[in-house]
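The values are calculated or read from the model by the stated rules, or taken from the named source; none is laboratory data. These numbers come from a predicted model, not from an experiment. We place every Cβ from the backbone using ideal geometry, glycine too, and count neighbours over all the protein chains shown.
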Amino acid sequence: MDPAGGGRTCVPTSVRVGGIAKPALLQSLREHDVKLNKAAEVLFDDDQFAPAAASRVIDVVCRSVADLGLHHGATYEQLTARAAAAGLVECPLELGPRLRLQFVDQAEGAVGFPETRGRAPPGSITIASPPLDERDETPKGFYLRRIDGVLWLRGYWSSPGNVWRPEDVLVFRLRSDG
């Protein structure tokens, strides 16, 4: 049974995090031909981003903003509050790279769309995670995308007032996962 409703299964339901240093995690991404954008590189370069020393498995689910009952869109604060009411919480930042390595059969993202600045690209899956800090120059997190057969781990910038669209999809951790 799906404890949070929505019934969306778009990624593996369990992901191992921790137990690997940041340089080894980057090397693994390179070995698997995962491409990074500039924002993802900035996140990896930030000293605040430090994968956990201990390895553990966490349970995750995908939810669109609409799955959370926010049919007209919502700010990140609103959607994480709604997710929390459904038993879902933000993921550790390192879940993005670890999920990218595990989730290699992501559907192809739509191409040829106009500029997506300020919103999630079609076909992307955003990892709901707390930002490293509130500064505008620091990317807020990671999202996964597959374009022309190439797997991407991309970082993104977002303001607190940005409204996520009902069709935007995010990954959350189950609260009971500890």
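Pairs, please: C-beta under 7 Å, at least 6 apart or cross-chain, first residue within 26 Å of LEU25 (Cβ to Cβ) and in segment 70-97, second among the β-branched types (Val, Ile, Thr) and part of a helix (DSSP H, G or I)? Close Cβ pairs (under 7 Å, with a partner that is among the β-branched types (Val, Ile, Thr) and part of a helix (DSSP H, G or I)) amount to GLU90/THR80.
Can you tell me which residue in segment 87-107 is modelled with the highest pLDDT, limited to those that are more than 24 Å from GLY73 (Cα to Cα) and surrounded by fewer than 17 Cβ atoms within 10 Å (Cβ to Cβ)? Applying the filter and picking the extreme gives GLN102. Screening segment 122-135 for residues that are hydroxyl-bearing (Ser, Thr, Tyr) and either assigned to a loop (DSSP other than H, G, I, E, B) or modelled with pLDDT under 95 (or both) and picking the one that is nearest to VAL34 (Cα to Cα) gives SER124. Inspection of segment 33-45 identifies at least one residue that is under 16 Å from SER129 (Cβ atoms), touching a helix residue (DSSP H, G or I) at 6+ places or on another chain (Cβ under 7 Å), at pLDDT 95 or above and surrounded by 16 or more Cβ atoms within 10 Å (Cβ to Cβ).
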